[in-house]
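Worksheet for the structure shown next.
Since every read-out is calculated from the coordinates, none of them should be taken as a lab result. Computed from a predicted structure; not experimentally measured. Glycine gets a Cβ as well: all are built from the backbone with ideal geometry, and neighbour counts include every protein chain shown.
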Amino acid sequence: SQQGEEDPQALSIQEGENATMNCSYKTSINNLQWYRQNSGRGLVHLILIRSNEREKHSGRLRVTLDTSKKSSSLLITASRAADTASYFCATDAGSNYQLIWGAGTKLIIKP
Amino acid sequence: GAGVSQSPRYKVAKRGQDVALRCDPISGHVSLFWYQQALGQGPEFLTYFQNEAQLDKSGLPSDRFFAERPEGSVSTLKIQRTQQEDSAVYLCASSGTSRYEQYFGPGTRLTVT
């Protein structure tokens, strides 16, 4: 069973716009990670945010975490065609190794 | 350096056949994970190794699924008597520290006909 739910399921925006994806989860976590998957490169780790952090940045990526609402958001600024991919959140659900994944958001960047 | 590699990339099996999927993790990575990913879904955990020890196999869907990592590096996922519902992408990931980011291979797409 999957712990996380991404929202929206699919998102289509123009190149240069910002894209926001949300993830909700069910149980307490130690950390939450975001991954990107496209056919060319497979699943790639983007960013990890710990349960005691509220916001984290990496290049054009900004992740927020609200543990009281059990939710996280991923913002991609100034989107590019190469950002077209599916984005997944994964939580450790308190385990020291097992990641539990959402169903992903499919992002399409239109040129 | 080299990433995680998996072979074969694609496998078509007739129902009832046995298949073996191979994973070469990043050299030195202690942790190795197998996931099953259905179309349009996120990965589902199958099993976890720390070195050669299989510490968790709770995600294996049936006793037809078997995984091993005898020398703590290369791992093989074996599926016996394949069924159509086994059709999926099988992903392998390795990690240097179990809590942190996992490095994924390209996956093996298994189609059972």
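Annotations for the structure displayed:
- Of the trypsin sites (Lys or Arg not before Pro) in the stretch B:1-43, the ones in a loop by DSSP (not H, G, I, E or B) with at most 10 other beta carbons within 10 Å are B:Lys14.
- Neighbouring partner chain Cβ atoms per residue of A:43-52, average, 10 Å criterion: 3
- Once the Cβ-Cβ distance of B:Ser27 and A:Thr67 is raised to the sixth power relative to R0 = 30 Å, the FRET efficiency obtained is 0.25.
- Cα-Cα over 28 Å, subset of A:Lys110/B:Lys14; A:Lys106/B:Lys11; A:Lys70/B:Lys78; B:Lys14/B:Lys57; A:Lys110/B:Lys11; A:Lys106/B:Lys14: A:Lys110/B:Lys14; A:Lys70/B:Lys78; A:Lys110/B:Lys11; A:Lys106/B:Lys14
- Sorted fewest first by neighbouring Cβ atoms within 10 angstrom, B:Glu52, B:Glu85, A:Glu5 come out as B:Glu85, B:Glu52, A:Glu5.
- Derived scalar couplings ³J(HN,Hα) [the stretch B:63-69; Karplus, 6.51 cos²θ - 1.76 cosθ + 1.60; whole Hz; x for Gly, Pro]: 6, 7, 9, 9, 10, 9, 8
- Cα-centre dipole for the protein assembly as shown with unit charges at Cβ (Lys and Arg positive, Asp and Glu negative), debye to 20: 340 debye
- GluC sites (Glu not before Pro) within the stretch A:6-86: DSSP coil, no more than 15 neighbouring Cβ in 10 Å: A:Glu15, A:Glu17, A:Glu53
- Inter-label distance, nm, simple model (7 Å from Cα along the C-beta direction), B:Gln80/B:Glu52: 2.2 nm
- The C-alpha radius of gyration of chain B, expressed as a fraction of 2.2 N^0.38 Å, stands at 0.99.
- Label zone of A:Asn18 (point 7 Å out along Cα→Cβ, amide N under 14 Å): in the stretch A:59-96 this covers A:60-64, A:73-79.
- For the stretch A:24-111, the set of trypsin sites (Lys or Arg not before Pro) satisfying both a DSSP loop assignment and a count of at most 14 other C-beta atoms within 10 Å is given as A:Lys26, A:Arg41, A:Arg54, A:Arg60, A:Lys69, A:Arg80.
- A convex hull fitted to the Cα coordinates of the protein assembly as shown yields 119 cubic angstrom per residue.
- For the stretch A:1-95: span of alpha carbons on each principal axis (Å, largest first): 36, 25, 20
- Computed about its Cα centre, the charge dipole of chain B is approximately 380 debye, with only Lys, Arg, Asp and Glu carrying charge at their Cβ.
- Sorted ascending by nearby beta carbons within 10 Å, beginning with the fewest, B:Asp63, A:Asp83 become B:Asp63, A:Asp83.
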